[in-house]
1. Applying the Karplus parametrisation 6.51 cos²θ - 1.76 cosθ + 1.60 with θ = phi - 60° to the phi angles of the range 64-70, what ³J(HN,Hα) value in whole Hz is obtained for each residue in order, glycine and proline being reported as x?
2. Apply the membrane-span-like helix rule to the chain: whole DSSP H runs, Cα extent along the own long axis of at least 15 Å, mean Kyte-Doolittle hydropathy at least -1.0. List the helices found.
3. Restricting attention to the range 15-108, which trypsin sites (Lys or Arg not before Pro) occupy a DSSP loop and are surrounded by at most 14 other Cβ atoms within 10 Å?
4. P(r) tail for the range 1-59, what percent of Cα pairs lie past 16 Å?
5. Taking only C-alpha pairs under 8 Å that are 6+ residues apart, what is the relative contact order of the range 2-102 in percent?
6. Amide H neighbours of Arg72 under 5 Å, counting only residues 5+ apart in sequence or on other chains, H built in-plane at 1.01 Å?
7. Could you tell me the convex hull volume per residue, in Å³, taken over the Cα atoms of the chain?
8. Quick one: which residues, 5 or more positions from Leu59 or on another chain, have an amide H under 5 Å from its amide H? H modelled 1.01 Å from N in the peptide plane, none for Pro or chain starts.
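The values are calculated or read from the model by the stated rules, or taken from the named source; none is laboratory data. Since the model is a prediction, treat every value here as computed from it, not as a measurement. We place every Cβ from the backbone using ideal geometry, glycine too, and count neighbours over all the protein chains shown. Just so you know, the surface numbers come from the protein's heavy atoms only, side chains and all, with ligands and any DNA or RNA stripped out. Shrake-Rupley method; radii C 1.70, N 1.55, O 1.52, S 1.80 Å.
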Amino acid sequence: MDTTQLLRGVLDVAVLAVVEREDGYGYDVLRRLRTGGLTEVGDASVYGTLRRLYAAGALTSYVVPSDEGPHRKYYGITPAGREQLALQAKEWTSFADTVTSLLPRSTGATS
């Protein structure tokens, strides 16, 4: 199954969940999403999502100097972001449960 469309619909909640656990800079957030199983997530999608969530007030940012290259812009979740995460997590769980209930039950037999 091509998960591109599914990923597009849940990237906000996935990014918020990752940043809620620990602040992170763009590549770090991308790496944690991929390590968590979202292996098909694109760099541009994550960076765009971070910028959009920041502009919407769901994330805050701060710069951390680096001795090994350019400074890094870290993102942290705001109270509004926590509210958004809670709402979207509830919506996702409800949606996933509904779709799961519609799927045929496995009988354990193989074809």
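1. Per-residue couplings from phi come out as 10, x, 10, 7, 10, x, x Hz.
2. Once both thresholds are applied, what remains is 4-21, 43-55, 79-102.
3. When the trypsin sites (Lys or Arg not before Pro) of the range 15-108 are filtered for loop state and at most 14 Cβ neighbours within 10 Å, Arg105 remain.
4. 34 percent
5. 29 percent
6. Under 5 Å from the amide H of Arg72 lie the amide H atoms of Val64, Ser66, each far enough along the sequence or on another chain.
7. 134 Å³
8. Tyr54, Thr78
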